[in-house]
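Shown next, in structure tokens, is the structure this report addresses.
The values are calculated or read from the model by the stated rules, or taken from the named source; none is laboratory data. Just so it is clear, the model here is predicted, and its values are computed rather than measured. Cβ sites come from the backbone with ideal geometry, for glycine too, and all protein chains shown count toward neighbours. Heads up: the accessible areas ignore ligands, DNA and RNA and are worked out on the full protein's heavy atoms, side chains in. Shrake-Rupley method; radii C 1.70, N 1.55, O 1.52, S 1.80 Å.
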Amino acid sequence: MKLIHTADIHLDTSYAWAARPGVIYGAGFGTRRRQNLRSVFQGMMQRASEWPADAVFIAGDLFELDRLQWDTVAFLREMFELIRPIPVFIAAGECDPCTNASPYVCEEWPPNVHIFRKPVWSQVELPGLNAVVHGMGFDQTAPESNPLAEGLALEADGRTHIAVAHGAERGHLPPGAHEVMSFPAKAMDRPGLSYLALGHFHEVTPISRCTHTAIGYPGSPEGHGFAAPGIHYYLEVELGNEDGPVVRPVSSSRTVFERRELDCTDVNSSSALTERVEALRKDGPARALQVVLTGRAPRGLQSWLNDAMARAADAFEMLAWLDRTVGSDELEMLARQSTSLGAFAERMVKELADAPDDARRRALRRTAEVGIAAYRNDVPPLPGARGTERAVS
Amino acid sequence: MRVRQVHIDGYGRFSNRSLSFERGLQVIVGPNEQGKSTLRCFITDMLYGQKQGVNARAYQEANDLRRPWQPAERYGGKLGYELDGGQRFEVDRVFARDGEAILVFDDGGADITGTFRAFGNGEVDFAGTHLGLAKEVFVGVATISHLSLDDLGDHDALERIREKLAALADSGSEGGSAAMALDALAKRVTAIGGDDDRTRPLPSARARLVLLDHELSQARELREQMMQLRSERRTLREELSRKRGDREAVDESLLLVDRHELARLLREAEALKERIDTATKHCFALGAVREFPLEKLEDLRHAENLLNTAILERDRTVREAEQLAAQLTEERDLLGGAPDDYADVPADLAERHREATDACREARTEVDRIQARLDEANEGLAEAQATVADLPDFARLSADPVEWITQLVTSFDVARRSRDEETAHLEKITAELDHRRAEIARSHALFKEHKDFLDLAREFELERRIREEQASQQASLLQTLEGQREEAEEKLASYKLLAFLCALFLAGMSAAWFFTQKQVMFIPMGVLAGAVLFYVLNMLLLAKRVSSLKTQLAAPEPAPEEGEEEQEDEEPPEPGVIERLLAESGCETVRELEALFEEYREASAELTACIEVFHDQEERAEESEQRMPQLLDHYRKTFEKMGETIETEDDVQRAASNAIGRYQEYREAKRRVTDQRAQIERIRGEERKLQASLKETEATLSAVDAEVLAFLETCRFDTTAYEGAKAALDAYVARNAELRDRRTRIAMLEERSATLALKREEDETDVRTCEKALEELLSEAGVRSVAQWHVVAKQAREYQEVWERRVNLERELSDALDGRDLNELRAEVAGFGSLPEPPETTRDTLSRQRAELEQSIAELKEQEHTLHVTLTERGAGMRPVAEIEEERAEAERLVAELELELESTSYAMALIEDIARDKHARIAPELARRAGEHLGAITNGAYSEVRIGRDLGISVPIPERHDGGERPEKFLSKGTVDQIYLSLRLALTQCISETGESVPMLLDDPLANYDDARLERTMRLLAELGRDNQMFLFTCREDVVRAAEAVHAPVIRL
């Protein structure tokens, strides 16, 4: 029995998070990314049709209900029609809960689509495959019951049992991920249950130490941000083999979010920084790169950082950076001068030391940069709005 | 700091070259392009390196420019320096990029590089640590090159100097003053934009953010609405699906009903077919009468009716002629032999007789009516007279009885009200009197026996004061005695102690004398004995005094009080009265008691006045009370005359009303008597006139009667049988009218008989014509009689009915089949096989249900379509929420960034302004003092003062002009301006070091415009300053060398 397992596609998601300082992306980035998500989903459906898969499992967060465009519903219908009669099992997830306003309820779906809408286990029999599919879904963002934690009662009937759901396995919770419908793996590691198709974690995560049931998260088939960097996958699962289930991650990323460190200590100019960043480009899928600037900040780094990154950004789908450089000695050096610039720098050093929070520290750092630059008649340009080609955030 | 020596391994044109420097001023001389600037740069680079900044690894341009021109062991060298404190250090540097190195050694040769702070670019901050200056500041301040002086110009030189000075003081660089920084920051703030400037980035971004917020909220709201619409559409679709299911069920029922209907139709068609066959057979049997003219039935009936009618008309005419003949005969018999001529009564005679008769009857009627009126008037007169006789004769009582009675009643009411008021007033005064008495009762009980209370009170108060004074005096005395007692007791204790001590010494002395037997001891012993005696005597006196004082203090009452007590015993009443009154009244002080007495006195006076008023009122009330019975008796008699009885005062009003009523009745009756009498007289006059008229009318009637009788006799009419002329005349007129009628009726009957004879002949002709037409019709039908015609017609009608029935059956069959072929129907029904039971609902009901369902489905489809259109329309104009969110986040980011920029820039401005102002204010006086000294030294006192304001504004007073004037540089030579600048730079270098370490000065030929005298003085000044700050004067001019030599400055020639 061959299955396609995916989850957390988050169609129509928003990339508003990218609009922050230290991120550069081209105009229409969000739109392109959302189109990418559709393309990735379309690719999976084509694969299901060509392989051919016996069933497709979508373990929640297929789309984001709050932002859903209704042409996406038409797109999904078209995709599901495309692979008909391959059955598609969808478990409503946290971001696409099956509320009254959900298209899962309001819209008509092809007959090969079965949606698990309630947070209780229900089942669908596949007589042709001698299999039973169990599933549950979210009827609101935070359902009151937790069938995953309660487990799934099965009878040994000689059929293949597969379950699909959206929830967080506590033992493999990634850092920063929040617990929703959380459960221990042993609660679902049941004799007779061959495979548990899960969704919620955005990185591919096989659940280890299970004796009866193969449990896995495919992660999102396309990266959503730097929180889950790297290549993303969907899963091809084969059941009924003598050696047990075969779970095979298949790369599906069209844009790879990646984080790299860059030591700025010996960077002495804007162009040098641009060159160093451009050197981080790789062949392959489009890259969304987050550069973590480390080392000791060269003098003037802040004043030409934006320009340098803007020049390098052409090589990337998105270019972001985190300034983790060690504070410049320049301020302290200036603070030792008996000039008014020195007094200004001294005042800045003192206020930075006493700054109560990061926001104040950031403001003071900027005050120092602007003030010193003004003494040198080298005031940095103002931050600008999104351009037609690329924007510097 | 003092640079002791340098060794240049390789640096520019220098290669393996060593130079040693003195502590103070030294001149490094050489032609152009001999390395003066190279040496200056070497010193700077050795101290601070060649990196672009403290963190940058990048090199300055000098790194390439200063590479060794000749092959050298290495690109670098050594520099030894000494601090003001005497510590010596040596720096060893390699500038080559591939072998960059820096080492710092102390005077013991130990590598102390690691003790200094190292920057990220590998530099070591030993120079900054020792000099307290960053590289920029050292280069900017300590290095005075000729380039710095060249651009001072002739005009605005001091302003430019000020700018340079401010820039150096502010940033250590000539190009970076606080003012310039503030200017740049202000431009930046303006560029960011405030609330008033809509076109700047920040307000634009804020406005954009507001728009996007609005759009986002609208988009979300629209999404909610669309979700609601989609939910409604889902409900509609479910409803539509359910309706369609219902319609299918109805369709199935309808199909079943239709099949049953077809089966029933077939059964009916078969039955109709059978009946058609039967009718066909019957028609065949009646085929003989198929052509019978049934349509002539009406003609036949018409002809038969015409014949019968003609016969009846003829018979009636015959009967009518016979009756008319009998009537004619009877009328002629009744007329008999009556005369044919008779005269009518003349019209005027009849008219005059009728008028005379009517006038006579009317006159009699009038006489009767006037008699009746006279009787009626006589009766009214009698009745009015009887009424007057029954009432009192008010005419005798008063001319206007109503006014008189009203006045009587008013007078009585006034008297009565006056009495009541007086009585009420008396009661009120009585109540007030009682109230006052009750109020005063308590005070009266207190003071009734003490009318002289005020005198008693005054006496009591006087005595009280005396007692208080006595008590005060006694207390004072006691206090004095107590003090004396305490004092005496203290003295007593002292005396006891002294006596004891003296006795003790005396005993000691006695014991000593006993053992020593020295007579000299008698003197002190005698003194001591005397002292003991003195103290003992005093002790005894004081003891007595204390005892006496205690006795006095213990005495219960002083003597004077006892005396008073005796007095009180003799005259106890007066003080006792006041105290008793105080106790009884509840007053605490005599003042309160006096106030109470005053109140009592006032209340007593008011009570007396009130009693007097009471007595007066009592008299008035009694008087009023006595007058009322007399008045009542008088009224009783008066009203008896008017027929009214008065028992009590309340009856007066009633009696008056009754009396007025009687008077009005009396007055009415009198008026009626008068009126009736006048009317009787009037009627009697009319009666007389009517009697005369009646006689005249009766005479006229008699004359006319005679004339009538004469006329009737003329006509030979017997009048004897009638009473009076009128009756005879009426009978004569009636007889004439009857004869005239009868003759007219006979003439009419004769005319009618002739008409009937003609009509009888016509009727006979009609009968014959009708008989002929009927015979023709019968012959056409082939029958002989009407009866036979009817028998055959019945058969023909039966044929027609059967035939019509057959046609109808065929039509019914055709209608039932509704275009179907019977055989096809049979085949179709046969195909149904066995049908299930039909539904209980009828087809109409099912059809109605289906129609309703169709309508519902159509409506639902319409609604769904409407929703679909609405959704499409709304969705078409809606941007994706994610897109708006992204754009909004971008705008928000921009706003935050710009706000941060605005905040940071504004804060930087504020800080820089404060700091620069403070810095300038602090540095200005010291700078002015030193610069003035230097300028005075250079100009030999020609310009001995440099004024520097808080903003570092510079002015130099010109002695010849006796003022500081505006723009003094206009009056100064270029050389003087150079000297002012040099003075200021020297002063600034002296002031600038943070650590206090002297800063070496590198002067790159700044003395170009100096005359010999000032050059010499400048050199002396530099030599003098060189005692504190090491001076390197780089020059290519020999006059400078000579001047230096004149002040014994060492000269190093390159």
Specify which of the listed residues (B:E750, B:E801, B:E713) is surrounded by 12 or more Cβ atoms within 10 Å (Cβ to Cβ) and at pLDDT 85 or above. B:E801
Any residue at all in the range A:27-47 that is of a type in the set (G, A, S), open to solvent by less than 10 Å² (accessible area, probe 1.4 Å) and either under 24 Å from A:P249 (Cα atoms) or touching a residue at least 60 places away in the same chain (Cβ under 8 Å) (or both)? no
Positions within the range B:605-632 being of a type in the set (G, A, S) and crowded, with 16+ Cβ neighbours inside 10 Å, in sequence order: B:A621, B:S624
Filter the range B:893-911 down to residues that are within 7 Å of chain A (Cβ to nearest Cβ) and out of contact with any Pro (no Cβ under 9 Å at 6 or more places or on another chain), then give me how many there are. 6
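Looking at A:W51, is it open to solvent by 10 Å² or more (accessible area, probe 1.4 Å), within 14 Å of chain B (Cβ to nearest Cβ) and more than 27 Å from A:F257 (Cβ to Cβ)?
So A:W51 does not fit the description; no.
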Subset of the range A:336-363 [more than 9 Å from every other protein chain (Cβ to nearest Cβ) and either over 44 Å from the mean Cα position of the chain (by Cα) or not in a helix (DSSP H, G or I) (or both)]: A:A355, A:P356, A:D357
Would you check if B:E351 is closer than 30 Å to B:D675 by Cβ and in a helix (DSSP H, G or I)? no
Residue among B:R950, B:R929 that alone is surrounded by fewer than 21 Cβ atoms within 10 Å (Cβ to Cβ), among the basic types (K, R), away from chain A (no Cβ under 14 Å) and closer than 18 Å to B:L168 by Cβ: B:R929
Determine if the range A:10-21 includes at least one residue that is more than 30 Å from A:R362 (Cβ to Cβ), in a loop (DSSP other than H, G, I, E, B) and at the interface with chain B (Cβ under 9 Å from one of its Cβ atoms). yes
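Does B:S231 satisfy the condition of being open to solvent by 50 Å² or more (accessible area, probe 1.4 Å), closer than 30 Å to B:M878 by Cβ and among the polar types (S, T, N, Q)?
No.
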Unmet requirement for B:A389, which otherwise passes all of (1) open to solvent by 30 Å² or more (accessible area, probe 1.4 Å); (2) within 30 Å of B:E618 (Cα to Cα): (2)
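Just give me the residues in the range B:170-204 being at the interface with chain A (Cβ under 7 Å from one of its Cβ atoms) and within 43 Å of the chain's Cα centre (by Cα), in sequence order. Break it down into steps so the answer makes sense when it comes.
To start, the set of residues in the range B:170-204 that are at the interface with chain A (Cβ under 7 Å from one of its Cβ atoms) comprises B:170-172, B:175-176, B:178, B:180-181, B:184-185, B:188, B:191-192, B:201.
Passing the criteria: B:I192, B:P201.
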Among the residues of the range B:581-624, what is the count of those that are in contact with a helix residue (DSSP H, G or I) (Cβ under 7 Å, 6 or more places away or on another chain) and under 25 Å from B:L426 (Cβ atoms)? 13
What tally of residues in the range A:153-193 results from selecting those that are out of contact with any Lys or Arg (no Cβ under 7 Å at 6 or more places or on another chain), farther than 22 Å from A:D8 by Cα and not acidic (D, E)? 12
I'm trying to understand the selection: among the residues of the range A:370-384, which are within 7 Å of chain B (Cβ to nearest Cβ) and in a helix (DSSP H, G or I)? A:V370, A:G371, A:A374, A:Y375
Among the strands (runs of 3 or more DSSP E) confined wholly to the range B:983-1054, which include 2 or more residues that are buried (at least 17 other Cβ atoms within 10 Å of the Cβ), modelled with pLDDT of 85 or more and away from chain A (no Cβ under 14 Å)? B:1001-1004, B:1031-1035
The residue from B:R188, B:R230, B:R162 that alone is part of a helix (DSSP H, G or I) and at pLDDT 85 or above is B:R188
Kindly provide the set of residues from the range B:818-836 that are free of Cβ contacts under 8 Å to residues at least 40 places away in the same chain and not basic (K, R), ordered by number. B:D818, B:G819, B:D821, B:N823, B:E824, B:A827, B:A830, B:G831, B:G833, B:S834
Subset tally (residues that are within 11 Å of another protein chain (Cβ to nearest Cβ) and in contact (Cβ under 8 Å) with a residue 12 or more places away in the chain) for the range B:213-235: 10
Taking the criterion of being hydrophobic (A, V, I, L, M, F, W, C) and outside any helix (DSSP H, G or I), would at least one residue in the range B:926-939 satisfy it? no
Mind listing whichever residues of the range A:182-203 are touching a helix residue (DSSP H, G or I) at 6+ places or on another chain (Cβ under 8 Å) and crowded, with 24+ Cβ neighbours inside 10 Å? A:M188, A:L196
Mind checking which strands (runs of 3 or more DSSP E) fall wholly inside the range A:168-276 and carry at least 1 residues that are under 30 Å from A:P298 (Cα atoms) and within 14 Å of another protein chain (Cβ to nearest Cβ)? A:255-263
Does B:I884 qualify as being assigned to a helix (DSSP H, G or I) and within 40 Å of the chain's Cα centre (by Cα)? yes
Hey, any hits in the range A:280-301 for a residue that's more than 10 Å from chain B (Cβ to nearest Cβ), over 30 Å from A:F29 (Cα atoms) and not polar (S, T, N, Q)? no
Top-ranked residue of the range B:481-535 - restricted to ones that are hydroxyl-bearing (S, T, Y) and without any contact (Cβ under 8 Å) to a residue 24 or more places away in the chain, ranked as least open to solvent (accessible area, probe 1.4 Å): B:S510
Can you name the residue in the range B:850-892 that is polar (S, T, N, Q) and more than 10 Å from chain A (Cβ to nearest Cβ) and is also most open to solvent (accessible area, probe 1.4 Å) among such residues? B:Q855
